[in-house]
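The values are calculated or read from the model by the stated rules, or taken from the named source; none is laboratory data. None of these values were measured; they are calculated from a predicted model. Using ideal geometry, Cβ is built from the backbone for each residue, glycine included, and neighbour counts are taken over all protein chains shown. We work out accessible area using only protein heavy atoms, side chains counted, and drop any ligands, DNA or RNA first. Shrake-Rupley method; radii C 1.70, N 1.55, O 1.52, S 1.80 Å.
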Amino acid sequence: MRRPLPTPAEAAAILARKRTQPQRRPPPPAGRGLNKLLKELDAKYGQGPGALQARWREIVGVDIAKRTEPVKLSKPRGGGPGALEIRVAGASAALIQHQAPEIVARVNLFLGEGSVNKLRIVQGPLRGLAAEARPQPRRAAPLDAAQEAELNRSLDEVPESPLKAALLRLGRGVLRRRAG
């Protein structure tokens, strides 16, 4: 047997008798609670590879930075100096190996004396190298009005078609090369 629904007055009386729980608040942002912990950890363990990656070019110089990138900074459990793992592009590993003492010295200047005493070299493709290696093609200057008019006049007899558009592009390219 179905119970009848309460009237609005009965519903108000029922709700007045019942104690309701306060609405749940969402948790505070994680960053607020983690900030203090991260500051303590940074003070205890120092800066990591993130700081090195951000300023790698300044630390080791432009020539070495083109061929390398820091991957991981490992610290021993008992404390003391750690090992820096760097990724090297291709055959540059031999050159970087010879410059290892200089790289370790520069990294120690940045992180603090005695932070790193060993350099591990891993060969592999660099993540940042692909974007920097490809130079952006320069856009050729447009033809001046007289050259454009002469080119259009020479193609007046050709009917409008994809062929005419291709011939215009070809003519513009040839005239730009002659001017350059």
Open item on the list: Can you tell me, using C-alpha contacts under 8 Å and at least 6 residues apart, the relative contact order of the range 66-123 as a whole percent?
Closed with: 40
Open item on the list: Can you give me the % of accessible surface on the chain that is carbon or sulfur? Probe 1.4 Å, all protein chains present, nothing else counted.
Closed with: 56
- [ ] Using only Cα atoms, locate the centre of the range 79-98 and the centre of the range 1-20, then give the distance between them in Å, rounded to an integer.
- [x] 75
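DSSP loop GluC sites (Glu not before Pro) in the range 84-180 with at most 15 other Cβ atoms within 10 Å of their Cβ, which ones?
Details: sites: 85, 102, 113, 132, 148, 150, 157, 160; in loops: 113, 157, 160.
Sparse-neighbourhood loop GluC sites (Glu not before Pro): 113, 157, 160.
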TODO: Please list 4-10, 67-73, 104-110, 119-125 highest first by mean number of surrounding beta-carbon atoms within 10 Å per residue.
DONE: 67-73, 104-110, 119-125, 4-10
- [ ] Return the label of the correct value of P(r) over Cα pairs in 5 Å bins from 0, in percent, as calculated from the structure shown, out of (i) 1, 7, 12, 15, 15, 13, 11, 9, 7, 4, 3, 2, 1, 1, 0, 0, 0; (ii) 1, 8, 17, 20, 20, 16, 10, 5, 2, 0; (iii) 1, 6, 10, 10, 7, 5, 5, 5, 5, 5, 6, 6, 6, 6, 6, 4, 3, 2, 1, 0.
- [x] (iii)
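What FRET efficiency, computed as 1/(1 + (r/R0)^6) with R0 = 22 Å and r the Cβ-Cβ distance, is obtained for residue 110 and residue 39, rounded to the nearest 0.05?
Working: r = 19 Å, r/R0 = 0.88.
Rounded to the nearest 0.05, the efficiency is 0.70.
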- [ ] With both partners inside the chain, how many of the DSSP beta bridges are antiparallel, as a percent to the nearest 5?
- [x] 45
Task: Contour minus Cα-Cα distance for residue 51 and residue 172 (0.36 nm per residue) - done: 38.6 nm
